[in-house]
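Here's the structure, in structure tokens; my notes come after.
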Amino acid sequence: MGQQLQQIELEEEKVKVIVDAWKNAAADVVTKLRQRTITPKRLEEINWRLNLQMAQSNKSKMKLPNAMFELKINDEDSEAKEKIRFEMTHDELYSFYNQLETIQKQLDNLG
């Protein structure tokens, strides 16, 4: 590192300070970087609920199932917790399930 800093014509005194700081802190910095994920946000919890709409003001006989999800996300950078809420119809949920199955098969083939 010192040689590279000297090649860019940094003053010798500054090179020494930077190299000494790196020697003292390198292990801690590398350890912290290894503990971090590529993306700072991580899924912590999933809550879900199933709903079935049986009627509407203009329709008396209907069955509209949907699933409601709440994802709790932890952001390592800001230590903030975020909630993401969304709904899926039966068809959307089934399509999502098939996509997850495809991902699982690809992961299984890697291992």
Checklist outcome for this item: Restricting the stretch 57-87 to residues that are surrounded by 10 or more Cβ atoms within 10 Å (Cβ to Cβ) and more than 21 Å from the chain's Cα centre (by Cα), the one modelled with the highest pLDDT turns out to be ALA67
Next on the checklist: Quick check on my filter: what residues within the stretch 86-111 are more than 21 Å from LYS63 (Cα to Cα) and either outside any helix (DSSP H, G or I) or basic (Lys, Arg) (or both)?
Outcome noted: LYS105, GLY111
Checklist entry - Is there any pair with a first residue in the stretch 25-49 that is under 16 Å from ALA80 (Cβ atoms) and a second that is surrounded by fewer than 10 Cβ atoms within 10 Å (Cβ to Cβ) whose Cβ atoms are under 6 Å apart and which are 6 or more apart or on different chains, and what are they? => result PRO40/ASP77
Checklist entry - For the stretch 50-77, which residues satisfy the criterion of being free of Cβ contacts under 8 Å to residues at least 24 places away in the same chain and part of a loop (DSSP other than H, G, I, E, B)? => result MET54, ALA55, SER57, ASN58, SER60, LYS61, MET62, LYS63
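The values are calculated or read from the model by the stated rules, or taken from the named source; none is laboratory data. Remember, it's a predicted structure, so these values are computed and weren't measured experimentally. Every residue, glycine as well, gets a Cβ built from its backbone with ideal geometry; the counts of neighbours run over all protein chains shown.
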